[in-house]
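The values are calculated or read from the model by the stated rules, or taken from the named source; none is laboratory data. A quick note: this is a predicted structure, and the numbers were derived from the prediction, not measured. Because the Cβ atoms are built from the backbone with ideal geometry, glycine has one as well, and the counts that use them run over all protein chains shown.
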Amino acid sequence: MSDGNANPTWGGYTSLGMDSDHFVDKINYIRSAGGDVAISFGGANGVEIAVNNTDINTLTSKYQQVIDKYNPTWIDFDIEGFAVADKPSIGRRSIAIKRLQDSNPGLRIGFCLPVTPTGLDAYGLNVIDNATENGVEIDIVNLMVMDYGQGAAPDPAGKMGDYAISATKGTYDQLKGRNISATLGMTPMIGQNDQELEIFTIDNANQVKEWAESKDWVTMLGMWSINRDNNGSEGTAIYQWSQLDQENFEFTDIFKSFTTGFSSAQLMIPDTGIPANSTYVIPVKVSGITNAKKVSCSLRWNSSVITVNEVKANNSVFLGSSVTLNLTEGQADLVLANTNSMTDTEPEALFDISVIPGGNSGDSCTISIFNAIWTDTDLKEHYLESIEGNITIFGVKGDFNGNGAVDIGDVSRVSYMVAGLTTVNPAADFNKNGNVDTGDAARIAWYYIGKEKYL
């Protein structure tokens, strides 16, 4: 957080800024033991540096200082208190994070946000929406399943596990409705919360862990905080112990065996070059699926570069498959369901994407596959990591004769398509109305004589 002069420091202490080696030895020790760390900006106390760095270039540079010093795999943004409602700093932060992702390939991004028992409130959703609108790829949203307040969580005695689960379910639905493929973390305040009636018990911890392990989209369990995970003594402050009669590190012993994350199954889509004047089929493969009854996912692409006109299941692999496809411009939601469960240990084509180029030679875009889930015969859902493939157009648009230029022969070819005298090539639908018609014939003719600048 900020040291008061808009510089990043540990805990806001000026002596623990980027000139010190604070935590370097501890981070290196954890990594040498096979672990990893995430560096978090923000928190309940102090000021996150986006609040008092009003210049985006300066803000980005100060985040980068931390990345350069500690080389983290993950950075986290703990946005709470007044900062979760501070729209100017939210906007600056989002732009800076996008720049960090672009300049630090592989850097993963998390947000830590307060939550209600039904999900994120309007302020938390705005943080997420603003980030995605600015192009940030969010890897995880860590939910502070704690301190709800009596109004949001009435009569919480014995219900803190239920509230944590409902908060996480609600947030999952909110993110899925926004086509955001981030996984979720759950971080309760163990024992006594700041809210007097809210107490997160050992039984609650076991309940939350068992439920989280049944959801592949819950990929982290944390706690606030490990230094409180002990059996303290009466009169000691709440930040020093859980205020429960417990064994030392009892919550840690429960949560440390948490095992979940992405399914071992994997989707694959190739980077592909597609010719400018023909429909091209791109296979999407899957491996590691066992007894799958259903696979669902969403697709996204740049509709000014390519058109996806069809998605078909590979029935030789997914036996008896039926396809439910909601295809809109630039996005599709796909559900593959079958009567015979599917098992694939080696990569096999799951479905084919039929693509028509709409741009010019050298244009490129990605096809992203996200919100991917496969459901087994016991109806358990397994989360698949998001992927993307790069699509690049080559050749000359409108060159149906293959001689490297648009000429009178190509004009004639499109006219013949319109007249039904030769096979229709969907790539001749220059007007993108779903048909090759007189408008397309006129367009290529005008392009040929120089009256139309673009096809």
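Miscellaneous remarks
- Scanning segment 102-114 for residues that are surrounded by fewer than 19 Cβ atoms within 10 Å (Cβ to Cβ) and either more than 15 Å from the chain's Cα centre (by Cα) or in a helix (DSSP H, G or I) (or both) turns up 102, 103, 104, 105.
- Residues located in segment 95-113, provided they are among the polar types (S, T, N, Q) and either within 16 Å of residue 182 (Cβ to Cβ) or touching a residue at least 60 places away in the same chain (Cβ under 8 Å) (or both): 101
- Segment 297-328 - residue that is at pLDDT below 80, of a type outside the set (Val, Ile, Thr) and assigned to a strand (DSSP E or B) and, of those, surrounded by the most Cβ atoms within 10 Å (Cβ to Cβ): 325
- Failed item, numbered, when residue 371 is tested on (1) more than 27 Å from the chain's Cα centre (by Cα); (2) in contact (Cβ under 8 Å) with a residue 24 or more places away in the chain: (1)
- Positions within segment 138-161 being of a type in the set (S, T, N, Q) and assigned to a loop (DSSP other than H, G, I, E, B), in sequence order: 150
- If only residues of segment 220-262 that are among the hydroxyl-bearing types (Ser, Thr, Tyr) and either surrounded by fewer than 15 Cβ atoms within 10 Å (Cβ to Cβ) or at pLDDT 90 or above (or both) are counted, the one that is nearest to residue 187 (Cα to Cα) is 225.
- Scope segment 432-455; condition of a type outside the set (D, E, K, R), touching a Lys or Arg at 6+ places or on another chain (Cβ under 8 Å) and free of Cβ contacts under 8 Å to residues at least 40 places away in the same chain; matching residues: none
- Condition check for residue 398: on the phi > 0 side of the Ramachandran plot, out of contact with any strand residue (DSSP E or B) (no Cβ under 7 Å at 6 or more places or on another chain) and not aromatic (Phe, Trp, Tyr): yes
- Identity of the residue in segment 44-73, farther than 25 Å from residue 105 by Cβ and surrounded by 18 or more Cβ atoms within 10 Å (Cβ to Cβ), that ends up modelled with the highest pLDDT: 51
- Residue, nearest to the chain's Cα centre (by Cα), within segment 80-100, restricted to residues that are charged (D, E, K, R) and in a helix (DSSP H, G or I): 98
- Among the residues examined, residue 190 qualifies as in contact (Cβ under 8 Å) with a residue 60 or more places away in the chain and either out of contact with any strand residue (DSSP E or B) (no Cβ under 9 Å at 6 or more places or on another chain) or aliphatic (A, V, I, L, M) (or both).
- Residue check, residue 89 on the phi < 0 side of the Ramachandran plot and exposed (fewer than 15 other Cβ atoms within 10 Å of the Cβ): no
- Selected residue (criterion: surrounded by the most Cβ atoms within 10 Å (Cβ to Cβ)) from residues of segment 171-219 that are touching a Ser or Thr at 6+ places or on another chain (Cβ under 6 Å) and of a type in the set (Asp, Glu): 216
- The single condition from (1) touching an Asp or Glu at 6+ places or on another chain (Cβ under 9 Å); (2) modelled with pLDDT under 90; (3) over 21 Å from residue 361 (Cα atoms) that residue 331 fails is (1).
- Elements of type strands (runs of 3 or more DSSP E) in segment 192-296, at least 1 residues being hydroxyl-bearing (Ser, Thr, Tyr) and touching a Pro at 6+ places or on another chain (Cβ under 8 Å): 280-287
- Matching residues in segment 350-397 - criterion: being modelled with pLDDT under 85, among the polar types (S, T, N, Q) and under 11 Å from residue 297 (Cβ atoms): 371, 386
- Residue, modelled with the highest pLDDT, within segment 101-145, restricted to residues that are of a type in the set (S, T, N, Q) and in contact with an Asp or Glu (Cβ under 8 Å, 6 or more places away or on another chain): 142
- Being closer than 30 Å to residue 184 by Cβ, of a type in the set (D, E, K, R) and surrounded by 13 or more Cβ atoms within 10 Å (Cβ to Cβ) is a property that residue 452 lacks.
- Considered as a group, the residues in segment 1-38 that are assigned to a helix (DSSP H, G or I) and among the polar types (S, T, N, Q) include one that is modelled with the highest pLDDT, and that residue is 28.
- Candidate set: segment 366-398, residues that are crowded, with 20+ Cβ neighbours inside 10 Å and out of contact with any Ser or Thr (no Cβ under 8 Å at 6 or more places or on another chain); chosen: the one farthest from residue 342 (Cα to Cα): 398
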